[in-house]
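The values are calculated or read from the model by the stated rules, or taken from the named source; none is laboratory data. No experiment lies behind these values; they were computed from the predicted model shown. Cβ: placed from backbone, ideal geometry, glycine included. Neighbour counts: every protein chain shown.
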Amino acid sequence: MNDTSAGVARKYREMLLQRTGADRLKMGCSMFGTARALVVASLREQDPSASPGAVRQGVFLRFYGAEFAADERERIVAWLGRLEPTPHGSPRTVSVNWDDLEVALTANPGEWSCYLDARSGEVQMMPADRFDAAEDWPSEEEIDAGLAAGHLIPVESLGSNVEYGWMAEFTGTVRDVRLRDRLEVALDGQGAFRRFKTVLLDHPAERERWFTFRDTRLRAAAREWLAEQDIEPTTAPRRA
């Protein structure tokens, strides 16, 4: 079904053709990243306890499942799920770079793909559009090899809904009734993140309290993510 009129479709095509080839490719990569983030959110909504392997399998089936014969599709699904940790095995000890992990957990999934290197504890972040040859981004082959060997672990972003929930939770702790009302208004509708931060600019004490509140929630989310990956960090977050 296509409910777009011919005139609008033609105008849209003309606008796209006015962009450079690189820009159009970037748009495509960003759109794919957004679509993948929506699929991941849908899978986790259906099964909040879904393991990383199950999510990888679900993403593959949603995007590419119909493009393979049944036997090949089953083989790929099995391959994607083979990296699951042993349920009762000893957790891996990793010298986690907490700053890197926190950045990855709050990164825009439409712009970045993130992987924790279990050997070093560092996080590798790759932009969706790796056009700058001067940057030393790992190749897709290197990423695939790291995933296959179990050295790299995909880090899925928490998503904007989680941080929005933190902002709403923080707003409920504000004692200044007038400021609390302003924050509640700021959180209503599109652009809530920008408005929320703008309101707090006029209240430096509450702004600092928000940073501390957010850091606490983010560290807890990072610890939960590590536990889900069966990883025991040998380092502590920089901020106490």
Scope segment 141-189; condition of a type in the set (Ser, Thr, Tyr), over 25 Å from LEU43 (Cα atoms) and in a loop (DSSP other than H, G, I, E, B); matching residues: THR173
Please work out which residue is surrounded by the most Cβ atoms within 10 Å (Cβ to Cβ), limiting yourself to segment 190-208 and to residues that are touching a residue at least 24 places away in the same chain (Cβ under 8 Å) and in a helix (DSSP H, G or I). PHE196
Could you figure out which of (1) in contact with a helix residue (DSSP H, G or I) (Cβ under 8 Å, 6 or more places away or on another chain); (2) within 26 Å of ARG223 (Cβ to Cβ); (3) modelled with pLDDT under 80; (4) not in a loop (DSSP other than H, G, I, E, B) isn't true of LEU101? (3)
Hey, does segment 42-55 have a residue that's assigned to a helix (DSSP H, G or I), touching a residue at least 60 places away in the same chain (Cβ under 8 Å) and crowded, with 16+ Cβ neighbours inside 10 Å? yes
Pairs returned, first residue in segment 121-141 that is at positive phi, second residue that is crowded, with 16+ Cβ neighbours inside 10 Å and modelled with pLDDT of 75 or more, beta-carbon separation under 7 angstrom, 6 or more apart or interchain, are GLY121/VAL94; GLY121/VAL96; GLY121/ASN97
Please list, ordered by first then second residue, the pairs with beta carbon atoms under 8 Å, 6 or more apart or interchain, first in segment 210-228 and assigned to a helix (DSSP H, G or I), second small (Gly, Ala, Ser) and surrounded by 15 or more Cβ atoms within 10 Å (Cβ to Cβ). GLU228/SER51
Could you check how many residues of segment 142-168 are acidic (Asp, Glu) and in contact (Cβ under 8 Å) with a residue 40 or more places away in the chain? 2
Quick check on my filter: what residues within segment 115-138 are at pLDDT below 90 and either assigned to a strand (DSSP E or B) or under 25 Å from ARG92 (Cβ atoms) (or both)? GLN124, MET125, MET126, PRO127, PRO138
In segment 79-91, how many residues are surrounded by fewer than 16 Cβ atoms within 10 Å (Cβ to Cβ), under 20 Å from ILE143 (Cβ atoms) and modelled with pLDDT of 70 or more? 1
